[in-house]
Amino acid sequence: MGWGEMQLIPNEYNDQFRAVDETILRLLNERKLLANGKRYFPTKEIMQEWAISYDMDIPTISWLMHSLNERSKPKMPNEPGELLSVLPIMKKTFVDGFEYHLTHAMQHKNASIVFLEIEQVQGEEMNGHIRPQLLLEVKGNQEYYVRRNGSHGGGGQAQVRFMVMPPLPNNISEFSLGLIPYAAPMETPPKDIILDKEVVFE
């Protein structure tokens with residue numbers, strides 16, 4: 001086969017897949033009509049039952065339920081816009097040997113960037129890499145749309161940024177913040193970049 005030739009990708013779609021897909025579409029439409037524009041989300045206990053029954057992890061189930069609740073959301077800006085101020089949040093909680101700090105939000109013209117720090121506080125040595133499968137949840141007088149805006153970490157620590165649109169009010173009593181499990185099932189795992197060359201500074 002020459003470079004200029006196109007090869008068709010095999011597609012083994014059949015009636016069995018079609019029947020399953022049509023059932024999914026019918027149920028999606030049924031749920032949309034039943035919700036009538038409102039947000040409905042299962043409890044943690046229900047998601048735990050489903051995780052066992054369907055051999056799925058809770059963050060993936062939560063991602064799916066969150067996706068079903070998304071309505072016609074506005075397009076999230078690629079850039080948050082001009083920095084206007086910094087909003088101190090300073091909220092801390094402790095869950096299963098990890099401390100979670102929502103430290104502050106950078107208040108931009110188009111959106112807020114909320115900063116989360118996670119730190120292992122157990123006495124045991126940290127041997128793994130922390131992968132926060134979490135999404136910030138914002139509740140207030142209006143609907144907020146949130147997406148991940150970068151993360152990094154190592155050595156028992158992780159930092160995650162979330163973009164929130166519209167920007168948060170400057171009065172933190174006007175909204176509440178939480179974290180919910182969230183992991184897209186087809187999410188690409190992070191690629192390891194190995195730096196193993198000798199470096200000399202002169």
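The residues Leu68, Leu33, sorted by heavy-atom accessible surface at 1.4 Å with ligands and nucleic acids left out, run Leu33, Leu68 from largest to smallest. For the stretch 150-166, putting each phi into the Karplus relation 6.51 cos²θ - 1.76 cosθ + 1.60 with θ = phi - 60° gives couplings of x, 7, 7, x, x, x, x, 9, 8, 10, 10, 10, 10, 9, 10, 9, x Hz, in residue order, rounded to whole numbers and with x for Gly and Pro. Among the listed pairs Lys92/Lys139; Lys91/Lys139; Lys38/Lys109, those with a Cα-Cα distance over 25 Å are Lys38/Lys109. Estimate the FRET efficiency between Asp21 and Glu137 by the formula 1/(1 + (r/R0)^6), using the beta-carbon distance for r and 30 Å for R0, to the nearest 0.05. So, using R0 = 30 Å, E works out to roughly 0.50. Note on the stretch 136-152 and the stretch 80-116: Cα centroid distance 10 Å, given to the nearest whole angstrom.
Amide hydrogen proximity for Gly156: with H placed 1.01 Å from N in the peptide plane, the residues at 5 or more positions away or on another chain lying under 5 Å are Ile130. With θ taken as phi - 60° and the Karplus curve 6.51 cos²θ - 1.76 cosθ + 1.60 applied, the whole-hertz 3J(HN,Hα) list for the stretch 19-29 is 4, 5, 5, 5, 5, 4, 5, 5, 5, 4, 5 Hz, x standing for glycine and proline. The listed peptides 105-116, 53-64, ordered by packing as a protection proxy, come out as 105-116, 53-64 (highest mean of other Cβ atoms within 10 Å first).
Label-to-label distance, Tyr40 versus Phe175, with points set 7 angstrom from Cα along the beta-carbon direction: 2.7 nm.
The values are calculated or read from the model by the stated rules, or taken from the named source; none is laboratory data. Given the structure is predicted, the values throughout are model-derived calculations rather than measurements. Cβ atoms come from the backbone with ideal geometry, glycine included; neighbour counts cover every protein chain shown. Note: accessible area is taken over every heavy atom of the protein model, side chains too, but ligands, DNA and RNA are not part of it. Shrake-Rupley method; radii C 1.70, N 1.55, O 1.52, S 1.80 Å.
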